[in-house]
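Worksheet for the structure shown next.
The values are calculated or read from the model by the stated rules, or taken from the named source; none is laboratory data. These numbers come from a predicted model, not from an experiment. Ligands, DNA and RNA are excluded from the accessible area calculation, which covers all protein heavy atoms including side chains. Shrake-Rupley method; radii C 1.70, N 1.55, O 1.52, S 1.80 Å.
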Amino acid sequence: KSFIKVKNIIDYINKECHKKLTSQDIENIFESNYDYLNRVFHSITGYTILNYLNIVRINKAKELIESTSMNFSEIGYLVGIDNPYYFSKLFKKYTGMTPTEYLKKTCIRSSE
(Lines give C-alpha, C1' and ligand atoms only; values in the text may rest on other atoms or scores of the structure.)
Protein backbone atom coordinates (compact mmCIF):
# COMPACT_ATOMS: atom_id res chain seq x y z
CA LYS A 1 0.00 0.00 0.00
CA SER A 2 2.83 2.41 0.87
CA PHE A 3 4.63 1.62 -2.37
CA ILE A 4 1.50 2.44 -4.39
CA LYS A 5 1.07 5.76 -2.55
CA VAL A 6 4.71 6.67 -3.25
CA LYS A 7 4.34 5.75 -6.93
CA ASN A 8 1.22 7.92 -7.11
CA ILE A 9 3.07 10.84 -5.49
CA ILE A 10 5.95 10.43 -7.98
CA ASP A 11 3.50 10.36 -10.91
CA TYR A 12 1.72 13.43 -9.55
CA ILE A 13 4.96 15.38 -9.05
CA ASN A 14 6.22 14.49 -12.53
CA LYS A 15 2.95 15.68 -14.05
CA GLU A 16 2.39 18.79 -11.90
CA CYS A 17 5.92 19.98 -11.05
CA HIS A 18 5.41 23.21 -13.01
CA LYS A 19 2.73 24.30 -10.51
CA LYS A 20 3.25 25.72 -7.05
CA LEU A 21 2.92 22.64 -4.84
CA THR A 22 2.68 22.86 -1.08
CA SER A 23 2.69 20.22 1.62
CA GLN A 24 -0.98 21.09 2.16
CA ASP A 25 -1.73 20.32 -1.51
CA ILE A 26 -0.04 16.93 -1.24
CA GLU A 27 -1.83 16.21 2.02
CA ASN A 28 -5.22 17.05 0.49
CA ILE A 29 -4.68 15.17 -2.76
CA PHE A 30 -3.42 11.99 -1.10
CA GLU A 31 -5.72 12.27 1.92
CA SER A 32 -2.94 11.56 4.41
CA ASN A 33 -0.81 13.48 6.85
CA TYR A 34 2.11 15.12 5.00
CA ASP A 35 4.69 14.06 7.60
CA TYR A 36 3.57 10.46 7.27
CA LEU A 37 3.66 10.64 3.47
CA ASN A 38 7.09 12.24 3.59
CA ARG A 39 8.46 9.50 5.91
CA VAL A 40 7.10 6.73 3.69
CA PHE A 41 8.33 8.49 0.54
CA HIS A 42 11.79 8.93 2.04
CA SER A 43 12.02 5.33 3.23
CA ILE A 44 11.21 4.04 -0.28
CA THR A 45 12.99 6.58 -2.51
CA GLY A 46 15.73 7.99 -0.29
CA TYR A 47 14.42 11.51 -0.96
CA THR A 48 11.98 13.76 0.83
CA ILE A 49 8.99 14.84 -1.25
CA LEU A 50 10.34 18.39 -1.55
CA ASN A 51 13.78 17.11 -2.51
CA TYR A 52 12.29 14.93 -5.23
CA LEU A 53 10.14 17.81 -6.49
CA ASN A 54 13.21 20.04 -6.72
CA ILE A 55 15.21 17.36 -8.55
CA VAL A 56 12.42 16.96 -11.11
CA ARG A 57 12.20 20.74 -11.54
CA ILE A 58 15.96 21.18 -11.96
CA ASN A 59 16.14 18.30 -14.47
CA LYS A 60 13.37 19.92 -16.50
CA ALA A 61 15.19 23.26 -16.25
CA LYS A 62 18.38 21.62 -17.55
CA GLU A 63 16.45 20.26 -20.55
CA LEU A 64 15.03 23.73 -21.25
CA ILE A 65 18.44 25.40 -20.91
CA GLU A 66 19.87 22.91 -23.40
CA SER A 67 17.02 23.06 -25.90
CA THR A 68 15.69 26.65 -25.85
CA SER A 69 16.96 30.20 -25.82
CA MET A 70 14.61 31.29 -23.02
CA ASN A 71 16.08 33.35 -20.21
CA PHE A 72 16.55 31.76 -16.81
CA SER A 73 13.68 33.55 -15.10
CA GLU A 74 11.30 32.22 -17.79
CA ILE A 75 12.70 28.73 -17.35
CA GLY A 76 12.36 29.01 -13.58
CA TYR A 77 8.76 30.09 -13.98
CA LEU A 78 8.01 27.19 -16.35
CA VAL A 79 9.35 24.64 -13.88
CA GLY A 80 7.36 26.12 -10.99
CA ILE A 81 9.89 28.47 -9.37
CA ASP A 82 8.70 32.08 -9.62
CA ASN A 83 11.67 33.77 -7.93
CA PRO A 84 14.70 34.00 -10.29
CA TYR A 85 17.14 34.33 -7.37
CA TYR A 86 15.71 31.23 -5.68
CA PHE A 87 15.79 29.37 -9.00
CA SER A 88 19.51 30.11 -9.44
CA LYS A 89 20.24 29.18 -5.84
CA LEU A 90 18.34 25.89 -6.14
CA PHE A 91 19.91 25.13 -9.51
CA LYS A 92 23.38 25.57 -8.05
CA LYS A 93 22.49 23.45 -5.01
CA TYR A 94 21.43 20.51 -7.18
CA THR A 95 23.92 20.78 -10.06
CA GLY A 96 26.95 22.40 -8.45
CA MET A 97 26.85 25.27 -10.96
CA THR A 98 24.76 28.29 -11.78
CA PRO A 99 22.37 28.19 -14.76
CA THR A 100 24.82 30.41 -16.67
CA GLU A 101 27.73 28.05 -15.96
CA TYR A 102 25.56 25.10 -16.99
CA LEU A 103 24.61 26.83 -20.25
CA LYS A 104 28.26 27.58 -21.05
CA LYS A 105 29.24 23.99 -20.27
CA THR A 106 26.52 22.55 -22.51
CA CYS A 107 27.38 24.97 -25.32
CA ILE A 108 31.03 23.93 -25.17
CA ARG A 109 30.06 20.24 -25.13
CA SER A 110 27.67 20.58 -28.08
CA SER A 111 30.21 22.48 -30.19
CA GLU A 112 32.87 19.78 -29.82
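Some notes on this structure:
- Listed candidates (i) 22, 19, 14; (ii) 23, 14, 14; (iii) 30, 14, 11 - label of the one calculated as semi-axes √(5λ) of the Cα gyration tensor in Å: (iii)
- For the chain, the longest principal axis of the C-alpha atoms and the axis of helix 99-111 are separated by about 60°.
- 3J(HN,Hα) from dihedral phi, the stretch 46-63, Karplus parametrisation 6.51/-1.76/1.60, rounded to Hz, x for glycine, proline: x, 10, 6, 4, 5, 4, 4, 4, 5, 4, 4, 4, 5, 5, 5, 4, 4, 4
- With a threshold of 22 Å on the Cα-Cα distance, the over-threshold entries among Lys19/Lys105; Lys62/Lys89; Lys7/Lys105; Lys20/Lys60 are Lys19/Lys105; Lys7/Lys105.
- Accessible area (Å², per residue) of the stretch 14-112, counting only protein heavy atoms and a probe of 1.4 Å: 63
- Against the chain, whose longest principal axis is taken from its Cα atoms, helix 2-16 shows a tilt of about 40°.
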